[in-house]
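So the structure is just underneath, and the comments pick up after that.
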Amino acid sequence: MARIGVFVCHCGENIASVVDCERVAKISASLPGVTYATDYKYMCSDPGQDLIKSAIAEHNLNGVVVAACSPHMHETTFRKAAQQAGLNPYLCEMANIREHCSWVHDDHEKATQKAIDLVRIMVEKVRRNHPLEPVRVSVTKRALVIGGGIAGIQAALDMANGGIEVVLVEKEPSIGGHMAQLSETFPTLDCSQCILTPKMVEVAQHPNIKLYTYSEVENVSGFVGNFKVTVRKKARSVNMELCNGCGLCTQKCPSRKIPNEFDRGLSNRSAIYIPFPQAIPNKPVIDRDHCIHFKTGKCGVCEKVCGTKAIDFDQQDELVNEEVGAIVVATGYDLYNISMDQPNDKLEGYGEYGYGKYPDVIDGLQFERLLSATGPTGGKILRPSDGKEPKNVVFISCVGSRHNAKGITYCSKICCTYIAKHGMLYKHKVPDGNAYVFYMDVRTSGKRFDEFWRRAVEEDGLVYLRGRVSKIYEQDGHLIVKGADTLSGVAVEVEADLVVLATAIVPQPNIEKLFQNLGISYDEYNFVTEAHPKLRPVESSTAGIFLAGACHSPKDIPESVAQASAAASKALILLSKPELEREPLVAKVNEATCIGCFYCLRACPAKAITEKEIKNRAGEVLRKVSEVNPSVCTGCGTCVSVCFSNSIDLEGFTDEQIYAEINSVIERMSVIQQ
Amino acid sequence: MSEADQGFEPHIVAFICNWCTYAGADLAGTSRMQYQPNVRVIRIPCTGRMDPLFVLKAFERGADGVLISGCHPGDCHYGEGNYHARRKFAIFRKLLEFVGIDLARIQFSWISAAEGGKWVSVIEDFTNRVRALGPYRAYQEISL
């Protein structure tokens with residue numbers, strides 16, 4: 001006999017301003033199976049929860065429907081409250097009358113009617129709920145960090161210092177990420193590598209960190225607390241045990257005209273190379289696409305000069321399996337490609353700025369390399385085309401960002417501040433030079449950032465022009481930048497020696513493949529979606545997977561570090577428990593009716609179903625049926641809908657419950673009246 | 001549409017997956033986007049859970065249109081539940097057509113957790129389409 005309580009929340013004004021909550025409660029009270037119904041201003045508040053708890057006791061309720069916000073918001077809250085009152089938490093369900101009703105409809109009558117329907121549907125479901133016990137699974141006390149930039153480094157160090165063994169996977173030959181490429185960091189102008197390299201060294205030396213560089217995550221399976229990860233260690237062609245990092249091979253390598261990725265093409269490197277002087281690990285790697293030995297079978301100079309016999313041309317990619325309980329995704333960013341051929345079909349290029357055509361039109365990270373003491377010019381500002389010192393430099397903001405037609409609508413956030421930094425550093429190095437900035441708005445939000453850009457204007461004399469640049473073309477060895485100054489209302493032409501484009505920040509190319517592998521949500525730009533935009537900003541949509549840094553949205557260094565530490569602490573909380581309770585919303589087989597066709601076994605994406613032998617007393621196998629491992633089942637229910645004999649059902653979403661919902665979705669009366 | 005059906009408001013039943021479309025619909029709410037109040041959502045964990053009979057049952061119980069929506073291909077929270085749904089739906093459509101069900105009354109879509117706007121436009125378009133088609137008496141008369 002169902003004794004259900006319905007609790008209708010006003011959510012202050014959020015629901016009550018559109019939905020007549022009193023009426024919803026009153027009508028709910030008359031629904032079959034409902035013993036008690038009431039409404040209250042804030043159901044999630046302590047008094048609201050007390051109201052539910054005392055009603056459960058007083059009316060001996062065996063089911064609860066809370067009509068309030070989305071179950072993604074407060075299902076846990078109300079299930080806990082029900083549990084505290086002695087009710088099995090899985091006898092409590094929510095009707096979403098806020099996100100799916102009051103917030104999206106303004107017609108009071110229709111919204112109220114919809115709210116009543118949603119409650120009725122849920123009452124019919126809860127009438128068929130039954131008590132469930134959580135599935136307990138053990139936790140692997142290890143963590144995986146994907147990405148070895150500043151966010152990944154910070155997350156790995158925090159977790160390792162918390163006593164957890166960390167596997168750090170970086171796809172490049174060295175950790176460090178984009179921060180290693182930067183010259184000086186805003187707003188303090190301290191040297192980027194000086195603050196980063198100690199952390200890189202700490203990673204390398206930490207007893208709790210297992211570092212895989214030049215490696216990629218190939219596959220991820222499992223679930224929170226028990227992930228199984230396959231890492232592809234790409235063939236480095238150098239035996240890391242034998243190599244002592246002397247670097248002689250890199251000096252002797254005859255193939256030397258390969259654009260250096262670390263300097264973003266502003267210098268060349270050899271085919272066997274160490275990406276940058278402070279690389280961790282500081283050992284070379286052979287770029288097989290450009291190595292003469294791999295292309296022609298000849299050469300082998302590196303092998304001959306190597307004193308420790310570390311060169312291994314026969315090395316193969318290696319697949320390593322790792323088991324971890326938590327994952328931190330810190331895959332970082334890339335810069336928007338602004339040349340004419342845009343590799344991403346969702347985005348459009350910036351052919352009118354001549355990037356790729358004029359060597360003196362460069363992007364922000366290239367300018368960082370020009371500023372850097374370890375860069376191609378040794379920190380002198382010399383333009384790529386002829387190595388002369390540019391006397392007029394134009395910086396253009398929002399190249400790609402905040403531009404609907406080009407496909408990127410968001411603000412890349414850090415550019416305004418780094419343009420101010422670039423201009424400032426340029427003026428420090430070329431005091432008689434001129435720095436012009438074309439901008440849309442100056443958005444330097446962040447601690448001491450606004451003071452920073454004011455200093456760039458007031459002390460260092462950067463010239464800010466509010467307007468867009470329409471075209472850049474070459475004339476008499478200069479780049480003519482045609483733009484507008486919308487504040488004075490005139491067209492502007494600047495004869496520039498160097499143009500620096502603050503290109504938009506985008507996620508790593510093709511990163512969505514990794515996100516799909518991890519089973520986490522991402523948005524239309526391929527940034528990872530957080531579990532809740534305000535309250536769960538470092539958790540992904542999948543339990544046990546956390547996010548840090550610019551894979552989530554454009555971020556500066558302090559924000560990336562803060563988020564990394566937050567993600568690490570979330571992971572540490574998860575791994576601090578000896579075992580995890582998992583939602584018992586898993587599939588269950590009725591062995592009596594199972595015909596052993598094993599369609600479910602083939603359909604199961606989690607590989608949770610196995611064949612089970614039913615034996616007689618003599619131990620002879622009578623028949624085989626399906627069996628679900630509840631600690632592996634993820635509860636998608638695909639098995640249920642492929643079962644021919646209706647022998648498998650999904651707890652929490654049983655056939656009976658769903659049919660009851662469908663049966664009640666439309667009031668029978670209204671259909672007949674039509 | 002007959003004169004008696006003027007002012008007809010369709011009943012739309014939506015089966016949506018918990019991870020993508022349900023969250024997308026939540027986002028439409030959080031962003032205070034507006035859409036017509038005809039849809040009633042039934043939350044399922046994954047479109048892989050979708051039994052084709054749910055669609056028939058919904059029509060039998062008075063639905064004028066049925067929407068099924070899940071994660072984009074490749075984005076399924078469970079890996080491949082939506083592929084099962086897509087395959088099943090492709091075959092099921094043929095069967096429905098053979099039986100004589102009006103396929104314009106069934107909509108299948110992919111809406112991610114970040115696509116609140118898409119949820120709104122799918123609901124608006126589908127509601128308008130089904131409203132224009134009028135009440136689905138043909139099916140209801142059989143079942144009643």
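Within region A:492-521, being in contact with a Cys (Cβ under 9 Å, 6 or more places away or on another chain) and either over 24 Å from A:Gly423 (Cβ atoms) or of a type in the set (Ser, Thr, Tyr) (or both) holds for A:Thr503, A:Pro507, A:Gln508, A:Ile511, A:Phe515, A:Gln516, A:Gly519, A:Ser521.
Matching residues to (1) surrounded by 23 or more Cβ atoms within 10 Å (Cβ to Cβ); (2) assigned to a loop (DSSP other than H, G, I, E, B):
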position: A:Arg23; (1), (2): no, no
position: A:Ile27; (1), (2): no, no
position: A:Leu31; (1), (2): no, yes
position: A:Thr38; (1), (2): no, no
position: A:Met43; (1), (2): yes, yes
position: A:Gly48; (1), (2): no, no
position: A:Lys53; (1), (2): no, no
position: A:Asn60; (1), (2): no, yes
position: A:Ala67; (1), (2): yes, no
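Return the only residue of A:Arg127, A:Arg142, A:Arg136 being more than 14 Å from chain B (Cβ to nearest Cβ), more than 30 Å from A:Asp655 (Cα to Cα), open to solvent by 20 Å² or more (accessible area, probe 1.4 Å) and not hydroxyl-bearing (Ser, Thr, Tyr).
A:Arg142
Condition check: buried (at least 21 other Cβ atoms within 10 Å of the Cβ), touching a residue at least 24 places away in the same chain (Cβ under 8 Å) and within 32 Å of the chain's Cα centre (by Cα). Does A:Ile121 satisfy that? In short, no. The residues in region A:232-268 that are open to solvent by less than 30 Å² (accessible area, probe 1.4 Å) and under 17 Å from A:Val301 (Cβ atoms) can be counted, and the count is 9.
Within region A:629-659, the set of residues being more than 28 Å from the chain's Cα centre (by Cα) and of a type in the set (A, V, I, L, M, F, W, C) comprises A:Cys639, A:Val640, A:Val642, A:Cys643, A:Phe644, A:Ile648, A:Leu650, A:Phe653, A:Ile658. Can you say whether B:Thr30 is among the polar types (S, T, N, Q) and within 30 Å of A:Gly222 (Cβ to Cβ), as far as the supplied structure shows? No. When the residues of region A:524-552 are filtered to those that are more than 11 Å from the chain's Cα centre (by Cα) and not in a loop (DSSP other than H, G, I, E, B), the one that is nearest to B:Cys46 (Cα to Cα) is A:His532.
For region A:126-151, the set of residues classified as in a helix (DSSP H, G or I) and either of a type in the set (Val, Ile, Thr) or touching a Leu at 6+ places or on another chain (Cβ under 6 Å) (or both) consists of A:Val126, A:Ile150, listed by residue number. Checked against (1) more than 8 Å from chain B (Cβ to nearest Cβ); (2) at positive phi; (3) in contact with a strand residue (DSSP E or B) (Cβ under 8 Å, 6 or more places away or on another chain); (4) not aromatic (Phe, Trp, Tyr), A:Gly635 passes all but condition (1).
Look at A:Gly325 and say whether it is in contact with a Gly (Cβ under 6 Å, 6 or more places away or on another chain) and open to solvent by less than 20 Å² (accessible area, probe 1.4 Å). Judged against the criteria, A:Gly325 is a match. Just need a number here: residues in region A:576-592 that are open to solvent by 30 Å² or more (accessible area, probe 1.4 Å), among the hydrophobic types (A, V, I, L, M, F, W, C) and within 14 Å of another protein chain (Cβ to nearest Cβ). Residues flagged as open to solvent by 30 Å² or more (accessible area, probe 1.4 Å), among the hydrophobic types (A, V, I, L, M, F, W, C) and within 14 Å of another protein chain (Cβ to nearest Cβ) within region A:576-592 amount to 1. Please verify whether region A:188-202 includes one or more residues that are modelled with pLDDT of 95 or more, outside the structural domain of A:Arg369 (by TED's automatic domain parsing), surrounded by fewer than 19 Cβ atoms within 10 Å (Cβ to Cβ) and closer than 24 Å to A:Ser540 by Cα. No, because not a single residue in region A:188-202 is modelled with pLDDT of 95 or more, outside the structural domain of A:Arg369 (by TED's automatic domain parsing), surrounded by fewer than 19 Cβ atoms within 10 Å (Cβ to Cβ) and closer than 24 Å to A:Ser540 by Cα.
Matching residues to (1) farther than 14 Å from B:Ser69 by Cα; (2) open to solvent by 10 Å² or more (accessible area, probe 1.4 Å); (3) free of Cβ contacts under 8 Å to residues at least 12 places away in the same chain:
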residue	(1), (2), (3)
B:Gln6	yes, yes, yes
B:Glu9	yes, yes, no
B:Ile16	no, no, no
B:Cys20	no, no, no
B:Gly24	no, no, no
B:Arg32	yes, yes, yes
B:Gln36	yes, yes, no
B:Val41	no, yes, no
B:Ile44	no, no, no
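Of the helices (runs of 4 or more DSSP H) lying entirely inside region B:34-144, those containing at least 3 residues that are facing another protein chain (nearest Cβ under 8 Å) span B:52-60, B:81-99. Of all residues in region A:81-106, those satisfying the criterion of being out of contact with any Pro (no Cβ under 8 Å at 6 or more places or on another chain), within 14 Å of another protein chain (Cβ to nearest Cβ) and either assigned to a strand (DSSP E or B) or of a type in the set (D, E, K, R) (or both) are A:Ala95, A:Arg98, A:Glu99, A:Asp106.
Looking across region B:13-33 at every residue that is of a type in the set (A, V, I, L, M) and out of contact with any Ser or Thr (no Cβ under 6 Å at 6 or more places or on another chain), the one that is farthest from the other protein chains (Cβ to nearest Cβ) is identified as B:Ala14. Among the residues of region B:18-33, count how many are in a loop (DSSP other than H, G, I, E, B) and among the hydrophobic types (A, V, I, L, M, F, W, C). Count: 3.
Does A:Lys388 meet the test of being more than 25 Å from the chain's Cα centre (by Cα), surrounded by fewer than 20 Cβ atoms within 10 Å (Cβ to Cβ) and assigned to a loop (DSSP other than H, G, I, E, B)?
Here the answer is yes, as A:Lys388 does meet what is asked.
Regarding region A:112-119, can at least one residue be identified that is in contact with a Phe, Trp or Tyr (Cβ under 7 Å, 6 or more places away or on another chain), of a type outside the set (Val, Ile, Thr) and in the same structural domain as A:His59 (by TED's automatic domain parsing)?
There is no residue in region A:112-119 that is in contact with a Phe, Trp or Tyr (Cβ under 7 Å, 6 or more places away or on another chain), of a type outside the set (Val, Ile, Thr) and in the same structural domain as A:His59 (by TED's automatic domain parsing).
The values are calculated or read from the model by the stated rules, or taken from the named source; none is laboratory data. What you are looking at is a predicted structure, and each value in this text was computed from that prediction instead of being measured. Positions of Cβ are backbone-derived with ideal geometry, glycine not excepted, and every protein chain shown enters the neighbour counts. Just so you know, the surface numbers come from the protein's heavy atoms only, side chains and all, with ligands and any DNA or RNA stripped out. Shrake-Rupley method; radii C 1.70, N 1.55, O 1.52, S 1.80 Å.
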